[in-house]
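Some notes on the structure that comes next.
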Amino acid sequence: MNGGGQMIISTNLTIFGGTGDLTFRKLLPALYTMDITGKLPEDSRITIIGRRDYDSSHYRQIARDWVEKFTRLSFEEHTFGCFAEKIDYYRMDFSRLEAYHGLNHYYRENDIHSHIFYFAVAPRFFSIITEGLKLVHGSSSGKVILEKPFGENLAAAAALNKELEAFFGPEHIYRIDHYLGKEMVRNIQAIRFSNPIFTDVWNSRYIESVQISALEDMGVETRGGYYDASGALKDMVQNHLFQILSIMAMEQPEEFSPKGLHDAQLDVFRCLRPAGGTSIENTLVLGQYEGYKDEPLVKPDSQTETYGALRLFIDNERWNGTPFYIRTGKKTGKREIELAVIFRRPYPEVEPNILIIKIQPTEGVYLQFNIKRPGDSEDIIPAKMDFCQNCSLIHQLNTPEAYERLITACMKGERSWFSQWDQIELSWNYISCLKELYAGNKLPVYPYKPGSHGPAEADRLLEQHGHSWL
Ligand code: BG6
């Protein structure tokens, strides 16, 4: 039983892409913590699939070093040893259909019947892995967790989705968006709907603008090949930041069930003002950091954006006229994700009330409101309350990382915090149209200096409307 009193079904987690970065940096450290904290059932197994010529003991040794480096808890040899016993390495080329007979044999030999398949591989392999599993299983006997990006373009993604749904069944597909596992993203609903001081004013009558800002200090590092074909809009906005947008902007779900939440989010995507409704210069600014073209595996004449700033509107009664600003960029000097709600001023002489939900690295809430300057003065000045949730060690230990949370949710069959296909389809479509309009209008991808906060044009996008990035 877990803390919530629900039985976690003991199972085998097969990770395709078991020697990749994601597995080493995120999945293994997450599974290690799950094991320590009792979220991984005693008798569960982890089957690592990779092409490299390792055996289980060699793989466990490599895994040890990665877990030691990336675990958020303290690393202990003995604890890792117990965890490592759950891991087996199975060498196979998952792009060859005939290899799946061997995998099936391995499952039978080890009495493995209950499956979660984790596709930690590029989307071009999703289809062949599904085909391979189908060849030997006939019908699916498990769940599947899919990493983003889902497909390489909308048409390909739709075809892939059809194929996966036909084999696994829609209710067994868990499309992971690790932002939905972040503590403070999970907190948006609580902040919005458990506090009348926010719930009752969460609309365009009181809110002047909303900002969703996700900055990163790192560049593309070793991922130039993937990133150059993707760019900031598809890599960050269309999935992570649009998910946040939909939770920030949705109506209160009729019921707090996966369906209630998904329907409420979906309505936001449906109400996004169509791209091109306003002139594109007023909607989107793209940038590229200087030196990007020299990164490994990036085309020397690449026009891929490493920065994107958007000004969007949600055409419904709640948000009529309130802009939502979104920005994300690599090499922008700091790693910080924050959501800011800027309220309308009661009169022009005072500062606005501002609510900031801090997602990372600090997890917390900042609230700015107005008070009288202490003493004889009658001036009104802003008071700033800053609540940090992860500043003490105790809280850090209690804040599970996104992947731990989402893998645990999948094991328990909790579907609320996974992206749904219809949301992906709408957001993908929206972003593709924006990008086409941008290119069609021959708008430049503006260069910016690494370490700066992005191109000046992204500041102007707001300034011309009397706003500025916080
Ligand atoms: C990934 C993107 O999904 O999210 C990366 O592909 C990005 O480009 C990363 O760096 C950011 O995640 P986090 O959790 O570090 O904010």
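The values are calculated or read from the model by the stated rules, or taken from the named source; none is laboratory data. Note that the coordinates shown come from a computational prediction; the quantities given were computed from them, not determined experimentally. Quick reminder, even Gly has a Cβ in these numbers, built from the backbone with ideal geometry, and neighbours come from all protein chains shown. What goes into the accessible areas is simple: the full protein's heavy atoms, side chains included, and nothing from ligands, DNA or RNA. Shrake-Rupley method; radii C 1.70, N 1.55, O 1.52, S 1.80 Å.
Do you know the relative contact order of the chain, to the nearest whole percent, from alpha carbon pairs under 8 angstrom that are 6+ apart?
Details: 823 pairs, mean separation 78.1, N = 470.
Across the chain, relative contact order equals 17 percent.
Sorted from largest to smallest, which semi-axis lengths in Å does the alpha carbon gyration tensor of the stretch 59-147 give for its equivalent ellipsoid, taking the root of 5 times each eigenvalue?
Working: eigenvalues 159, 49, 29 Å².
With the √(5λ) rule applied to the stretch 59-147, the semi-axes are 28, 16, 12 Å.
When Lys and Arg each count +1 and Asp and Glu each count -1, what net charge do the other residues less than 15 Å away from residue 139, Cβ to Cβ, add up to? Mind dumping the intermediate values first?
Working: positive: 134, 143; negative: 131, 163, 165, 171.
With Lys, Arg at +1 and Asp, Glu at -1, the neighbours total -2.
From the C-alpha coordinates alone, can you work out the Kirkwood hydrodynamic radius of the stretch 336-446, in Å? Each step should come with its number before you reach the end.
Numbers: mean 1/r = 0.0533 Å⁻¹.
Evaluated on the stretch 336-446, it is 18.8 Å.
Enter the angle in degrees (range 0 to 90, nearest 10) between the Cα long axis of helix 421-440 and the first principal axis of the Cα atoms of the chain, meaning the one along which they spread out most.
In the chain, helix 421-440 runs at an angle near 60 degrees to the longest axis.
For the stretch 28-162, with all protein chains present and a 1.4 Å probe, just round the carbon and sulfur fraction of the accessible area to a whole percent. Walk me through the numbers before you get to the answer.
On the way: 3100 of 6280 Å².
Result for the stretch 28-162: 49 percent of the exposed heavy-atom area is carbon or sulfur.
Can you work out the accessible area per residue across the chain, with the rest of the protein chains kept in place, probe 1.4 Å, in square angstrom?
Numbers: 20910 Å² over 470 residues.
I get 44 Å² per residue for the chain.
With Kirkwood's inverse mean 1/r over C-alpha pairs for Rh, give me the Rg to Rh ratio of the chain, two decimals please. The partial results should precede the final answer.
Working: Rg = 23.4 Å, Rh = 23.9 Å.
Computed over Cα atoms, the ratio is 0.98.
Kindly give the semi-axes, whole Å and largest first, of the ellipsoid equivalent to the stretch 396-462, taking each as the square root of 5 times a Cα gyration tensor eigenvalue. Let's see the in-between values first.
Working: eigenvalues 258, 92, 14 Å².
Equivalent ellipsoid of the stretch 396-462: 36, 22, 8 Å, largest first.
Could you rank the peptides 406-418, 59-71, 96-108 by their average count of other C-beta atoms within 10 Å per residue, with the highest value first?
Numbers: 406-418: 19.2, 59-71: 17.4, 96-108: 14.6.
The densest-packed peptide leads the list: 406-418, 59-71, 96-108.
Averaging over every viewing direction, what projected area does the convex hull of the Cα atoms of the stretch 132-232 cover, in nm²?
Values: hull surface 42.6 nm².
Value for the stretch 132-232: 10.6 nm².
What is the spin-label model distance, in nm, from residue 125 to residue 371 if the labels are put 7 Å beyond Cα along the C-beta direction?
5.7
Once the Cα atoms of helix 126-137 and of the chain are each reduced to a long axis, what angle between those two axes, in degrees from 0 to 90 to the nearest 10, is obtained?
40
Two decimals, Cα atoms only, Kirkwood Rh: what is Rg/Rh over the stretch 47-199?
Numbers: Rg = 19.0 Å, Rh = 18.2 Å.
Answer for the stretch 47-199: 1.05.
Share of the stretch 208-365's accessible area from carbon and sulfur, percent, 1.4 Å? Walk me through the numbers on the way to the answer.
Values: 2890 of 6040 Å².
Within the stretch 208-365, the accessible surface is 48 percent carbon and sulfur.
Put 453, 115, 465 in order of accessible area, largest first, 1.4 Å probe: what do you get?
453, 465, 115
Express as a percent, rounded to the nearest 5, the fraction of DSSP beta bridges in the chain (both residues included) that run antiparallel.
Beta bridges within the chain, antiparallel portion: roughly 55 percent.
Over the stretch 1-159, what is the relative contact order in whole percent, taking alpha-carbon pairs under 8 Å and six or more residues apart?
27
Towards the positive end of the charge dipole of the stretch 98-229, with charges on Cβ (+1 Lys, Arg; -1 Asp, Glu), say which of 204, 106, 136 has the farthest Cα.
The one lying farthest along the dipole's positive direction is 204.
Normalising by the residue count of the stretch 279-419, find the relative contact order in percent from Cα pairs under 8 Å and 6+ residues apart.
Values: 188 pairs, mean separation 16.4, N = 141.
Rounded, it is 12 percent for the stretch 279-419.
Just report the Cα centroid separation between the stretch 178-249 and the stretch 299-351, whole Å.
About 10 Å separates the Cα centre of the stretch 178-249 from the one of the stretch 299-351.
Ranked highest first by average number of other Cβ atoms within 10 Å, how do 240-247, 344-351, 48-55 line up? It would help to have the intermediate numbers written out before the result.
Numbers: 240-247: 23.6, 344-351: 10.8, 48-55: 16.5.
Packing order, densest peptide first, comes out as 240-247, 48-55, 344-351.
Order these peptides, 159-172, 257-270, by their mean beta-carbon neighbour count within 10 angstrom, highest first.
Details: 159-172: 16.0, 257-270: 17.6.
Put in order of decreasing packing, that is 257-270, 159-172.
Taking the Cα centre of the stretch 77-232 as origin, sum charge times position over the Cβ atoms of Lys and Arg (+1) and Asp and Glu (-1), and report the length of that vector in debye to the nearest 20. Don't jump to the answer; show the numbers that get you there.
Values: 15 positive and 21 negative charges, 79 e Å.
Charge dipole, the stretch 77-232, about its Cα centre: 380 debye, nearest 20.
List the Cys residues of the chain that have no partner Cys with a C-beta closer than 4.7 Å.
82, 271, 410, 433
In whole Å, largest first, what are the principal axis extents of the Cα atoms in the stretch 160-199?
Each principal axis gives a Cα extent; for the stretch 160-199 these are 46, 17, 13 Å.
Any chance you could give the angle, 0 to 90 degrees and rounded to 10, that helix 183-193 forms with the longest Cα principal axis of the chain?
Tilt relative to the chain: about 50 degrees.
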